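Beneath this line is the structure, given in structure tokens, with notes to follow.
Read the figures in this text as sums done on the coordinates, not as results from a lab. Since the model is a prediction, treat every value here as computed from it, not as a measurement. Note: ideal-geometry Cβ built from the backbone for every residue, glycine included; neighbour counts use all protein chains shown.
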Amino acid sequence: MKFILSLLRSYLPAFRFSANRLIYGFVCLTLLSLADTSCKVKQTEKGETTGIQADKKGTEETAKMKANKLENEDTINPYGTPARSGDAVTRTEISAVDITGKEPVDDAITCLARTIYWEARGEERTIMQAIANVVMNRLVHEGFPKTICGIVKQGGGKKDCQFSWWCDGRPDSAQEEKPYEVAKEISRRALNRQLKDLTGGALYFHNRGVSPVWAREYIRTARIGRFEFYKPHGEKAK
């Protein structure tokens with residue numbers, strides 16, 4: 001380019017100004033073209049991102065709708081025939097629910113997943129499954145509410161609260177991504193009736209580090225890790 005300009009300046013002085021204008025114009029057109037392409041790319045990326053977000057929202061709503069339906073069906077038997085493929089909550093759907101672990105606790109999946117997370121995060125998967133078993137066992141027992149969120153939120157004060165994490169006055173948001181993902185997956189399987197009962201029909205549990213008075217009145221059904229699981233005599237819940 002410098003060589004061409006040198007020739008133009010040396011032998012074609014009359015066209016010096018025109019040549020510079022031509023080069024300047026070419027550079028401007030190139031820059032405008034690049035800017036337009038960049039803008040189109042950004043618009044496309046923005047459109048794709050918006051589409052993904054909308055799709056996740058739709059998938060989340062589908063998962064919650066299915067979960068509510070399955071929750072009602074579970075009142076018959078939470079360990080019965082697994083939900084049909086079209087009615088079951090899928091892995092893709094469960095991954096779209098409460099991604100950051102900060103949503104309000106007001107649907108079956110979130111209530112169950114948050115209970116599993118707070119009662120057994122950091123524990124082995126079998127213990128997390130056992131916590132889910134207790135909630136699902138309560139769902140079909142006449143002594144407890146008929147929805148998962150109702151079970152989790154049962155009791156208004158600290159003394160009569162069924163699950164300590166719900167009424168301990170601390171934030172309920174999940175803090176660790178991986179354990180919460182596991183908790184959601186276990187919730188999905190529980191709602192789809194794909195989760196085996198490891199507790200022998202337990203309705204209660206406690207950590208071995210404590211000795212609650214009520215445990216003396218109930219039948220111990222299982223010991224899993226650091227937890228013990230119980231059910232009442234005569235199937236009467238308190």
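Laid out as a table, the results:
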| item | result |
| --- | --- |
| Cα-based shape type of segment 163-222, given that a ≥ b ≥ c are square roots of the gyration tensor eigenvalues and the cut on a/c is 1.5 | oblate |
| Residues whose placed amide H lies under 5 Å from that of ALA222, excluding near-sequence neighbours | PHE229 |
| Charge-dipole axis of segment 47-235 as Lys and Arg at +1 and Asp and Glu at -1 on Cβ define it, positive-most pick from GLY200, VAL134, GLY101 | GLY200 |
| Out-of-range pairs (alpha-carbon distance over 24 Å; input LYS69/LYS146; LYS69/LYS231; LYS64/LYS153; LYS66/LYS231) | LYS69/LYS231; LYS66/LYS231 |
| Cα-projected label distance for ILE219 with HIS206, points at 7 Å along beta-carbon direction, nm | 1.9 nm |
| Mean Cβ neighbour count within 10 Å, used as a protection proxy, ranking 139-149, 188-198 highest first | 188-198, 139-149 |
| R0 of 25 Å, Cβ-Cβ distance THR92-GLN175: FRET efficiency to nearest 0.05 | 0.55 |
